[in-house]
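I have placed the structure first, in the form of structure tokens, so that the comments after it can refer back to it.
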């Protein structure tokens, strides 16, 4: 069959047209002009001080509670290395981000997946698990536009989670890289802002609001924990990237970030609309909940569609996605994650047409 | 006593006047103009491809042998995590870089310090140690203008080390961040370039030739090892800083790096000259070997001068250095490391005058 260039729903990354390259170039010039010493020197392991202050103000915390890192994955790695010992119990959402799952397992954690519903983690199932398992060290939750599902944790459940964490003395790791790219509905308060018992460690990133290549993420948590991670960060890399953090600082303080977020939101909203319409038209049997923000939509196909086979058929037709099984320890054989962040509306339309052809080929018993 | 602002011989970092801030600003503009997609996207865990190619060409290796990281400390951390298991034997120089020592001990390695002579690690002592200890996993060597001693490994010893590594099947970790800032004498070939048995893993950095805040370092080694570390890097941070690496790439390819290196070398040569003259004038009893490059000079004082006491007396007089004991598991109580990279010639003169006053105060039995 005719193999046009592949349309990828696989990568959770923005297309170049929604990255403010000119704004970044200007921010870089300002970084070197306004603070040549701070931008070019080693700096400190906690991050570039003016950006640390900006993040602290954004979250209404003291700067001593903030550690700025080389991307939020590095923040996760530091946090896990500090808090999680081999054999300790850790809760994750089912499904969840594949790298988080991998890193927790590599650390030797005893990972307990708890069902993710369309309004977030099943807090009743979690409560029952806590009765059964005993001491849990940490619960990893992606509250907004979850990766891979696109679902958002409801306000009542945020409160329920905080109550559980306080009562059972575990840390909620609120992993929130998508919070600022909500394109529909009202923002919900972070658990960090609702917390009154020091139960929450919060992480976010500028990958979705500035660009991924700048690799700037951060942690917000109790000052003592941040200081402990500072030592680990110092020994790992002396300091994170001052040039990149100074650029991000200029991008934030000039207001460029607000324009960038507006551009990203408008594009994502339109892409979800087109994706939803294309799925309804081409694959009416597919089940999904259109997200209110973020990059991802979780799609469930009829049980007889095996995702491994679909992946091959789709590849043969020039369309890529990530199998739902990648985000689960077991199950999900008829599910997939569609990222709409890196594709134009035309590509979405054509990509879903190709995907539907792959499904029809499986139904017809014709293989690639 | 009058406390003017502190003169610091402590920090191994360049003063701002020898950083090419304008060149960096221009390189940043070119990075966003010439490759907006590659500069702003996630990229890959092995580093920004054009910079990886530039480094490969510099060392006459294939690009598959290069991994570009967020500073060379991060490269060290990846290498140690990949090669060194708890309880394994590792050789370091005595004295050596304090963070390397700390990280190897934190990994649970059995660390064996081998004497560093003015022409580099004592290869006879190492050979004897190998007979005694048995299997050594890795030997960490800083061949040029060693941190903290400033000494350089002689050519004959480079060959001797390679022969030992080949015969006894250990990895030479050639940690070479200062190689390009030789300001006197002829460059020596890297062990990487002399190696015919895949015994060498090489690391270097752009901290001394571009600026530290850009946090770009790299590893060169066997392609299979680099690929193994690539997986670890992916799981740690997805990818290193593309913005910073793209800036470094433009800085290298435009020739700015050659002008930057010339500036740095000229300044360091002058600073060593002034430092040597000041020590000979103010502290004729001090013993040292003026380095041919790099940032550091190791100074030995008479045995009765205790470095802890000297540190306090110096602090009281507004002069800072790092105690020699920080670079050793034991001994060195009358030694210190003077970094001349971050101080002007006037500051060097004044700083050594203050340091001598601190020594005289101890000799006179007067304490701060």
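The values are calculated or read from the model by the stated rules, or taken from the named source; none is laboratory data. Treat the numbers as computed from the prediction; the structure is a model and nothing was measured. Cβ: placed from backbone, ideal geometry, glycine included. Neighbour counts: every protein chain shown.
Points to keep in mind about this one:
- Within segment A:276-293, the set of residues being within 16 Å of residue A:335 (Cβ to Cβ) and more than 19 Å from the chain's Cα centre (by Cα) comprises A:279, A:283, A:285, A:286, A:287.
- Checking residue B:296 against (1) touching a helix residue (DSSP H, G or I) at 6+ places or on another chain (Cβ under 8 Å); (2) crowded, with 20+ Cβ neighbours inside 10 Å; (3) closer than 28 Å to residue B:115 by Cβ, the condition it does not meet: (1)
- Test: residue A:76 is surrounded by fewer than 23 Cβ atoms within 10 Å (Cβ to Cβ) and touching a residue at least 24 places away in the same chain (Cβ under 8 Å): no
- Any chance residue B:30 is within 30 Å of residue B:270 (Cβ to Cβ) and in contact (Cβ under 8 Å) with a residue 24 or more places away in the chain: no
- Those helices (runs of 4 or more DSSP H) of segment B:186-286 in which at least 3 residues are within 30 Å of residue A:101 (Cα to Cα), considering only elements entirely within it, cover B:223-237, B:242-253.
- Some residue of segment B:223-242 being surrounded by 15 or more Cβ atoms within 10 Å (Cβ to Cβ), more than 14 Å from chain A (Cβ to nearest Cβ), more than 28 Å from residue B:10 (Cβ to Cβ) and out of contact with any helix residue (DSSP H, G or I) (no Cβ under 8 Å at 6 or more places or on another chain): yes
- Flag for residue A:37 being outside any helix (DSSP H, G or I) and not assigned by TED's automatic domain parsing to the domain that holds residue A:353: no
- Residue count for segment A:21-51, restricted to those that are under 19 Å from residue A:212 (Cβ atoms) and either within 7 Å of chain B (Cβ to nearest Cβ) or buried (at least 23 other Cβ atoms within 10 Å of the Cβ) (or both): 9
- Some residue of segment A:266-276 being surrounded by fewer than 22 Cβ atoms within 10 Å (Cβ to Cβ) and within 30 Å of residue A:31 (Cβ to Cβ): yes
- Taking the numbered list (1) touching a residue at least 12 places away in the same chain (Cβ under 8 Å); (2) under 22 Å from residue B:181 (Cα atoms) in turn, residue B:277 passes all entries but (1).
- Condition check for residue A:210: buried (at least 24 other Cβ atoms within 10 Å of the Cβ), modelled with pLDDT of 95 or more and within 14 Å of another protein chain (Cβ to nearest Cβ): yes
- Conditions (1) free of Cβ contacts under 8 Å to residues at least 60 places away in the same chain; (2) within 14 Å of chain B (Cβ to nearest Cβ); (3) surrounded by 18 or more Cβ atoms within 10 Å (Cβ to Cβ); (4) out of contact with any strand residue (DSSP E or B) (no Cβ under 6 Å at 6 or more places or on another chain); number of the one not met by residue A:102: (3)
- Residue, nearest to the other protein chains (Cβ to nearest Cβ), within segment B:105-124, restricted to residues that are touching a strand residue (DSSP E or B) at 6+ places or on another chain (Cβ under 7 Å) and surrounded by fewer than 17 Cβ atoms within 10 Å (Cβ to Cβ): B:105
- Leading residue by the ranking (nearest to the other protein chains (Cβ to nearest Cβ)) among those in segment A:53-67 that are touching a strand residue (DSSP E or B) at 6+ places or on another chain (Cβ under 7 Å) and over 20 Å from residue A:258 (Cβ atoms): A:67
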